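The block underneath contains the structure these notes are about, expressed in structure tokens.
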Amino acid sequence: MLSNKVYIIGGAVLSVLFVALAMIEFSTGYPDDGLQDLLYAAVSAGAGVLLYVLDRRQRERRAAAEAQRDAR
């Protein structure tokens, strides 16, 4: 199973690629396709941020559980 960091990095890479594709499509005269690519970029960036937040919370919970277990 891949770690969350791989998905976070993948979301960031996809966001950058979709933004680049949107810029190309805007410059070639396809604004509707460019807007769709910007939407995809926003969705992939949002997914990356969500995974980052969830990964951070998971690490905090693990650290708290380990500290509580070590305190016993």
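The values are calculated or read from the model by the stated rules, or taken from the named source; none is laboratory data. Because the structure is a prediction, the values reported are computed rather than measured. Quick reminder, even Gly has a Cβ in these numbers, built from the backbone with ideal geometry, and neighbours come from all protein chains shown. Areas reflect the complete protein model, heavy atoms only, side chains present, ligands, DNA and RNA absent. Shrake-Rupley method; radii C 1.70, N 1.55, O 1.52, S 1.80 Å.
For the chain, state the average projected area of the convex hull of the C-alpha atoms over all orientations, rounded to one decimal in nm².
5.2
Counting only protein heavy atoms, what percent of the accessible surface of segment 31-71 is carbon or sulfur at a 1.4 Å probe?
58
Would you mind working out the magnitude of the charge dipole of the chain relative to its Cα centre, with +1 at each Lys and Arg C-beta and -1 at each Asp and Glu C-beta, to the nearest 20 Debye?
With Lys and Arg at +1 and Asp and Glu at -1, about 740 debye.
Starting at the first residue of segment 62-72, write each ³J(HN,Hα) from the Karplus equation 6.51 cos²θ - 1.76 cosθ + 1.60 with θ = phi - 60°, in whole Hz, x for Gly and Pro.
5, 5, 5, 5, 5, 5, 5, 5, 5, 6, 6
Starting from the 7 Å offset along Cα-to-Cβ, what nm value, one decimal, do you get for the label separation of residue 53 and residue 9?
Going by the 7 Å Cα→Cβ label model, 2.4 nm.
Which of 17, 42, 54 sits closest to the plus end of the dipole of the chain, meaning its Cα is farthest towards the positive end, when Lys and Arg get +1 and Asp and Glu get -1 on the C-beta?
The residue sitting farthest along the positive end of the dipole is 54.
First measure r as the distance between the Cβ atoms of residue 43 and residue 65, then evaluate 1/(1 + (r/R0)^6) with R0 = 30 Å and state the FRET efficiency to the nearest 0.05.
Plugging the Cβ-Cβ distance into 1/(1 + (r/R0)^6) gives 0.35.
Leaving out ligands and nucleic acids, note down the accessible area per residue over the chain with a 1.4 angstrom probe, in whole Å².
Roughly 79 Å² per residue, with all protein chains present.
Could you tell me the relative contact order of the chain? Use alpha-carbon pairs under 8 Å, at least six residues apart, and round to a whole percent.
That works out to 38 percent.
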